[in-house]
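K.L.:
If you scroll down you'll find the structure; I have some questions about it.
The values are calculated or read from the model by the stated rules, or taken from the named source; none is laboratory data. From a predicted model like this one, the values you see are computed outputs, not experimental measurements. Virtual Cβ from ideal backbone geometry, glycine too; neighbours counted across all protein chains shown. Side chains are part of the model used for accessible areas, which takes the heavy atoms of the whole protein and leaves out ligands, DNA and RNA. Shrake-Rupley method; radii C 1.70, N 1.55, O 1.52, S 1.80 Å.
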Amino acid sequence: MRVLIREVKDRIGSEVEISGWAQNIRVLSSVLFIELRDVSGTVQGVLLRKGNEELFDELKGLPRESVLTISGEAVKSQARIGYEVQIKHLEILNRAETPLPLGVVDKIESDIETRLENRFLDLRRPEVLAIFKVQSTISNSIRDYFVRKGFIEIHSPKIVAAATEGGTDLFPVKYFERNAYLSQSPQLYKEIMMSAGFDKVFEIAPAFRAEEHNTPRHLNEFTSIDMEMSFASDEDVMDVLEDVIKAAAQSVSSLNERELEILGVEKPSLGYRFRRITYSEYVKMAIDAGIEIKDGDDLSTPVLKAVGGKINQFYFITRWPRVLKPFYVQPYDDTYSKGFDLQYGELEITSGAQRVHSPHILIDNLRSKGLSPESFSFYVNAFRYGMPPHAGWAIGLERLTMVLLNIPNIRETTLFPRDRTRVTP
RNA sequence: GCCCCGAUAGUGUAGUGGCCUAUCAUCCGAGUCUGUCGAGCUCGGGACACGGGUUCAAAUCCCGUUCGGGGCGCCA
């Protein structure tokens, strides 16, 4: 019966059977050591030549990263971790080819490009696995939070007929005799769910953006964590967002101590209240920092770096100018809106807003953004027969993972990233 | 879309016109070593992205192609 390598230390003195990858084999004249790795950790197996000549010779020539099962007694030893497995039986399940296109335990760091080309090998590295164990905690914790608070999980269509928000480029797909697109966001659908009376919904699903960006923080396919709630304001959903982020950080701190240690990252400590800085205040801060910008300009990357780069915390930028936000964002006054972003330093993690709920304002907004209300009739109709006030936001899961683990490149927090030039693996 | 940069063994690199039948490490292979743990030691193997040009001479300079990285725009 197979046990996980992590469990071996609780079975000292008894027989164990473990399976995994032979990540390193050290051969001396009459004894050899084999480091076996599985999802839970590594342990060393040891074999004396004397009395095991045949097994010894077989293992001696085994290529690294071959998959095998070994069994034998777990014993205390002078191994670094204090115990090892004395090999009695061994079954080679699959022999790896040589040389490896990417060393799993080599002392040499490979380029991100080489690593992504051979991602299945790269993902075998404990520090890469750790990222995705943490990401699993984050998404589970957020899902758990929503379910506890009475949100309904939804699954909106990813093949859509038209641009959801305008602006962003979409990936066209052939839909039988018509043209359709991959969804850039569940925005319109989650709002329709408010009209449908679901009250509070969330969705964790891919979003697709056909922008030709080439940066360490953009993907053309990412995982969007969306929420929308009825009878709520921008302030209300900012409270929820702060709660959600703190819950996720708390879960990571308590469930992923080992992964944080492997990654050399401190437990995220979010014992502070997220600051709420209005857009206009932010512009003033930029001006004070000597940057040329005026109220009404978008916050460019250099501005966010100059101002936000000094804030090593989560904080909101609120009340954005209406002209800089999409048509569905509720006005605050003639100039400003109830749209907000959640930032960490210079990086945007979330954007959200209280939404327009009046069909008349919605139609005006669509027109003023140069969009045709007729082509959004499936959406506008939901506003005409009783749409409650509502608000919501969307977090990028990969970006949140970057921030909580202090990882500078979003490709590191994505299993198989889709960027400007990569569709395989 | 605009701008900048890069491409040398499986992997990571050295190299700035002749000293390059190309450096080092890792890796792979052979051998050696009763307990290693980044094992050690000896020997061996393996590369100048592609096409064109300049030159007596090109990994090195120029042009193009392909692929990649970064910055900006835009966004999660």
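K.L.:
Which strands (runs of 3 or more DSSP E) sit wholly inside region A:289-366 and have at least 2 residues that are among the polar types (S, T, N, Q)? Explain how you work it out, then say what you get.
P.N.:
Values: elements: A:314-318, A:339-344, A:347-354.
In region A:289-366, the matching strands (runs of 3 or more DSSP E) lie at A:347-354.
K.L.:
Say whether the condition of being in contact with a Ser or Thr (Cβ under 8 Å, 6 or more places away or on another chain) and either outside the structural domain of A:His218 (by TED's automatic domain parsing) or under 30 Å from A:Val128 (Cβ atoms) (or both) is met by at least one residue in region A:292-309.
P.N.:
No, region A:292-309 contains no residue that is in contact with a Ser or Thr (Cβ under 8 Å, 6 or more places away or on another chain) and either outside the structural domain of A:His218 (by TED's automatic domain parsing) or under 30 Å from A:Val128 (Cβ atoms) (or both).
K.L.:
So, one more: Filter region A:41-50 down to the residues that are surrounded by fewer than 17 Cβ atoms within 10 Å (Cβ to Cβ) and touching a Lys or Arg at 6+ places or on another chain (Cβ under 8 Å) and list them by number.
P.N.:
none
K.L.:
For residues that are within 39 Å of the chain's Cα centre (by Cα), of a type in the set (A, V, I, L, M) and within 12 Å of RNA strand B (Cβ to nearest atom), tally how many sit in region A:47-73.
P.N.:
Result for region A:47-73: 1.
K.L.:
Let me ask something else about it. Residues in region A:77-90: is at least one more than 20 Å from A:Arg125 (Cα to Cα), more than 39 Å from the chain's Cα centre (by Cα) and free of Cβ contacts under 8 Å to residues at least 12 places away in the same chain?
P.N.:
yes
K.L.:
Can you find a residue in region A:232-242 that is at pLDDT 95 or above and farther than 30 Å from A:Tyr385 by Cα?
P.N.:
yes
K.L.:
Could you tell me whether A:Asn140 is open to solvent by 80 Å² or more (accessible area, probe 1.4 Å) and not in a helix (DSSP H, G or I)? Before you say what the answer is, go through the steps one by one.
P.N.:
Working: open to solvent by 80 Å² or more (accessible area, probe 1.4 Å): yes; not in a helix (DSSP H, G or I): no.
Judged against the criteria, A:Asn140 is not a match.
K.L.:
Considering only region A:319-345, state which residues are in contact with a Leu (Cβ under 7 Å, 6 or more places away or on another chain) and near RNA strand B (Cβ under 8 Å from one of its atoms).
P.N.:
Matches in region A:319-345: A:Leu342 only.
K.L.:
Picking from A:Arg355, A:Arg273, A:Arg367, which residue would you name as being under 29 Å from the mean Cα position of the chain (by Cα) and loosely packed, with under 14 Cβ neighbours inside 10 Å?
P.N.:
Answer to the selection: A:Arg273.
K.L.:
Testing A:Gln135 on (1) open to solvent by less than 70 Å² (accessible area, probe 1.4 Å); (2) touching an Asp or Glu at 6+ places or on another chain (Cβ under 9 Å); (3) of a type outside the set (Gly, Ala, Ser); (4) near RNA strand B (Cβ under 9 Å from one of its atoms), one condition comes back false. Which one is that?
P.N.:
(4)
K.L.:
For region A:1-58, name all the residues that are among the charged types (D, E, K, R), more than 20 Å from A:Ser77 (Cα to Cα) and out of contact with any strand residue (DSSP E or B) (no Cβ under 7 Å at 6 or more places or on another chain).
P.N.:
A:Glu53, A:Glu54, A:Asp57, A:Glu58
K.L.:
Taking the stated definitions as given, is A:Arg275 more than 23 Å from A:Ser224 (Cα to Cα), in contact with a strand residue (DSSP E or B) (Cβ under 7 Å, 6 or more places away or on another chain), touching a residue at least 40 places away in the same chain (Cβ under 8 Å) and in the same structural domain as A:Met402 (by TED's automatic domain parsing)?
P.N.:
Values: more than 23 Å from A:Ser224 (Cα to Cα): yes; in contact with a strand residue (DSSP E or B) (Cβ under 7 Å, 6 or more places away or on another chain): yes; touching a residue at least 40 places away in the same chain (Cβ under 8 Å): yes; in the same structural domain as A:Met402 (by TED's automatic domain parsing): yes.
Taking the combined requirement at face value, the residue satisfies it.
K.L.:
I've got another one for you. Residues in region A:96-108: is at least one open to solvent by 40 Å² or more (accessible area, probe 1.4 Å), touching a residue at least 40 places away in the same chain (Cβ under 8 Å) and more than 8 Å from RNA strand B (Cβ to nearest atom)? Break it down into steps so the answer makes sense when it comes.
P.N.:
Initially, region A:96-108 is screened for residues open to solvent by 40 Å² or more (accessible area, probe 1.4 Å), giving A:97-101, A:105-108.
Filter once more, so that each one left must be touching a residue at least 40 places away in the same chain (Cβ under 8 Å): A:105.
In the following step, the residues that additionally are more than 8 Å from RNA strand B (Cβ to nearest atom) were identified as none.
The answer is no; no qualifying residue exists.
K.L.:
If we scan region A:376-384, do we find a residue that is in the same structural domain as A:Phe151 (by TED's automatic domain parsing), part of a helix (DSSP H, G or I), among the polar types (S, T, N, Q) and open to solvent by 20 Å² or more (accessible area, probe 1.4 Å)?
P.N.:
Yes; the residues of region A:376-384 include at least one that is in the same structural domain as A:Phe151 (by TED's automatic domain parsing), part of a helix (DSSP H, G or I), among the polar types (S, T, N, Q) and open to solvent by 20 Å² or more (accessible area, probe 1.4 Å).
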